[in-house]
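*Asks:* First the structure, which I've put down as structure tokens, then a few questions once you've had a look.
The values are calculated or read from the model by the stated rules, or taken from the named source; none is laboratory data. The model shown is predicted, which means the values in this text are computed figures rather than measured ones. Note: ideal-geometry Cβ built from the backbone for every residue, glycine included; neighbour counts use all protein chains shown. The accessibility values were calculated without ligands, DNA or RNA, using every heavy atom of the protein model including side chains. Shrake-Rupley method; radii C 1.70, N 1.55, O 1.52, S 1.80 Å.
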Amino acid sequence: MKAVHTIEEVREQVREWKKQGLKVGLVPTMGALHAGHLSLIKKSVETCNRTVVSVFVNPIQFCPGEDLDKYPRTFEKDCETAKIADLIFAPSPKEMYGEGHILSNDFLTYVIPPYFYTDKLCGKSRVGHFDGVCTVVNKLFNIVQPDFAFFGEKDRQQLIIIKKMVKDLNIPIEIVGCPIVREESGLALSSRNSYLTPEQKQDALALSKILFNIQNCYKKGITDISALKETAYAFLNKNHDLEYLEFRDEEDLEEKTIADDRTIVFIALRLGNVRLIDNVSLKG
Ligand code: AMP
């Protein structure tokens, strides 16, 4: 496994692989790699001949006041975790966006996903977040030119938006969605879990408990969404600041009027300053 930091180096390596007829997989990440990221890397290694992992804390997907500066950066450890991959691409913000990125003429072109997909769920409180995500993912696609790209269902709204972007813009890359990796407790792995105090980590179990309880109730035959939502309150205490609990379609994020097998239940809540998200498909 080799780590490179420039666009030219990654292009040169991928060009060589392509000449040999090898299939290339890309796993885009912001680093602070954990077993969730590793599951995507493993899937890529199984599916493709060569795997590139990008490690880039993308400044343009953070909103003002978010955790850009304190986002965990653990590059040495990431190289160890991702060692089954063939190449790590870890560019600087300058390499991706030029000098004085964001407000300079070096970088002006954004990819804006459809409003209908971004005016809800995480997009509602994180205005512009998915513009930043689609823009960087497009840039990474153009830099690496992979055959496959791997994304986690942990960020389900992101996965749905990226699939839509790839379809709408005829991007010749197959998007592979990978299941959420959880701790034994049910807590979905996330780089942001490192912000949690031990007490908050206990409180964080509410997310998966709420979702799995709703999934069980649905399996027992309850399809009324108000009734399913009601069940969440048993798991919430004064530390939980619930941002949303919503039932939406797995493909177009349309709000559901009745729960069915195409329904994804999305949750976001804040514990102090830490914002956590999770989701579950009702079909299980
Ligand atoms: P991030 O570094 O948080 O941007 O995540 C990079 C990729 O890893 C995204 O496609 C995430 O959805 C995915 N990912 C993060 N956490 C998990 C998890 N617990 N299980 C599966 N995939 C995950």
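*Asks:* Which condition number in (1) under 20 Å from Ala268 (Cα atoms); (2) within 16 Å of the ligand (Cβ to nearest atom); (3) aromatic (Phe, Trp, Tyr) is the one that Phe116 fails?
*Replies:* (2)
*Asks:* Scanning the range 189-206 for residues that are buried (at least 17 other Cβ atoms within 10 Å of the Cβ) and outside any helix (DSSP H, G or I), which turns out farthest from the ligand (Cβ to nearest atom)?
*Replies:* Leu196
*Asks:* Still on this structure, please answer the following. Would you please list the contacts, defined by Cβ atoms under 7 Å and residues six or more apart or on different chains, that run from a residue in the range 26-38 that is on the phi > 0 side of the Ramachandran plot to a residue that is open to solvent by 10 Å² or more (accessible area, probe 1.4 Å) and near the ligand (Cβ under 7 Å from one of its atoms)?
*Replies:* Ala32/Ser191
*Asks:* Then there is this: Taking into account only those residues within the range 23-39 that are in a loop (DSSP other than H, G, I, E, B) and open to solvent by 30 Å² or more (accessible area, probe 1.4 Å), which is nearest to the ligand (Cβ to nearest atom)?
*Replies:* Checked the range 23-39; the qualifying residue nearest to the ligand (Cβ to nearest atom) is Met30.
*Asks:* Further question on the same structure: If you go through the range 235-274 one residue at a time, how many are open to solvent by 40 Å² or more (accessible area, probe 1.4 Å) and in a strand (DSSP E or B)?
*Replies:* Selection size over the range 235-274: 6.
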